[in-house]
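The structure under discussion appears below in the form of structure tokens.
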Amino acid sequence: MVYLTAGDPSLDATRAIAIEAIDAGADVIELGVPFSDPLADGPVIQRAMERAVARGVSLRDVIKLAGEIRAARPAAGIILFTYLNPILRFGLRAVADAAKAAGADGVLVTDMIVEEAGEYLAEMSRVGLAPVFLAAPTSPDERLAAIALHSRGFIYAISRVGITGTQQSLTSDASALVERIRRWSTLPVAVGFGISNSEHVAQVGRFADAAVVGSAIVELIEKSTPETAPGAVARFIKGLRLPEAALAR
């Protein structure tokens, strides 16, 4: 799974990067909606958010972009990755209708906890979109049980407490969290926050169903030009796709 901050460096560039990423082996694209106060994100994604916000990229733009990616690559998974504030400004019902019409598969609202998600869950159910929740190593059992009950598509397990960003090695928190989640759910579990190289992907592949790569790719885009970013991201993703034998070690 690949996270992209939509609109950084431009909406056209994000579209090209997403398509190249899918062709290189990304199964799911998470389109990050630009927001001025992305509390869960580290410096790399914060900078990308600031650049996209400065360009005026909105949730409406990101939904339109999702539709363009869906038209270009019908089989890819597409998740809108957002904070609650842009949704409230747009209107929850309107977001659900627009996201469904664009062909998105689900919506992840990073700062919404499952205990307060009744209206969101109702709207996702009404249009057939997957509600995706974040599960943290610090989540109590009651919350994990509720997340398992209400999630559709997959569950996003945070590999560590803190903010997004690359790290040298994975902690044992990630595997322990996935094991706890599986007590209540048979849904696929994706692990994110800090997954940045092929070794991390191989490690995650031993205990989870998917690895989410975000900051490493966003930083690569930051260091590239709009013209070279799609190719650079594609090469990076191909480098993450290890042989199955490596995942089984």
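For the chain, the solvent-accessible area with a 1.4 angstrom probe is 43 square angstrom per residue. Taking a cut-off of 15 Å between Cα atoms, list the aspartates and glutamates near Lys238, but don't count ones fewer than 8 places away on the same chain. Candidates past the 8-residue exclusion: Glu20, Asp23, Asp27, Glu199.
Each label point was placed 7 Å from the Cα along the Cα-to-Cβ direction; for Arg55 and Glu222 their separation is 1.5 nm. Taking 0.36 nm per residue of separation and subtracting the Cα-Cα distance, full extension of the segment from Arg235 to Asp12 would add 78.3 nm. Shape descriptor for the chain: Rg over Rh equals 0.93 (Cα atoms; Rh from the Kirkwood inverse mean 1/r). Geometric descriptor of the range 2-145, per residue, is 115 Å³ (volume of the convex hull of the Cα atoms). Our estimate of slack between Ser36 and Arg93, defined as 0.36 nm per intervening residue step minus the Cα-Cα distance, is 18.3 nm. Each Lys or Arg adds one and each Asp or Glu subtracts one; over the other residues with Cβ under 14 Å from the Cβ of Phe154, this totals -2. Ligands, DNA and RNA left out, the 1.4 Å accessible surface of the chain is 52% carbon and sulfur atoms.
Spacing of the modelled spin labels on Ala75 and Thr138, each 7 Å from Cα toward Cβ, amounts to 4.1 nm. Cross-link partners for Lys100 among the aspartates and glutamates, with Cα-Cα distance under 14 Å and sequence neighbours closer than 8 places in the same chain left out: Glu68, Glu123.
In square nanometres, what is the average projected area of the Cα convex hull of the range 178-235?
Values: hull surface 18.2 nm².
Projected over every direction and averaged, the Cα hull of the range 178-235 covers 4.6 nm².
The values are calculated or read from the model by the stated rules, or taken from the named source; none is laboratory data. Quick caveat: nothing in here was measured; it's all calculated off a predicted structure. No Cβ is skipped: glycine too gets one built from the backbone with ideal geometry, and neighbour counts run over all protein chains shown. Ligands, DNA and RNA are stripped out before the accessible areas are found, and what is left, the full protein with its side chains, is counted by its heavy atoms. Shrake-Rupley method; radii C 1.70, N 1.55, O 1.52, S 1.80 Å.
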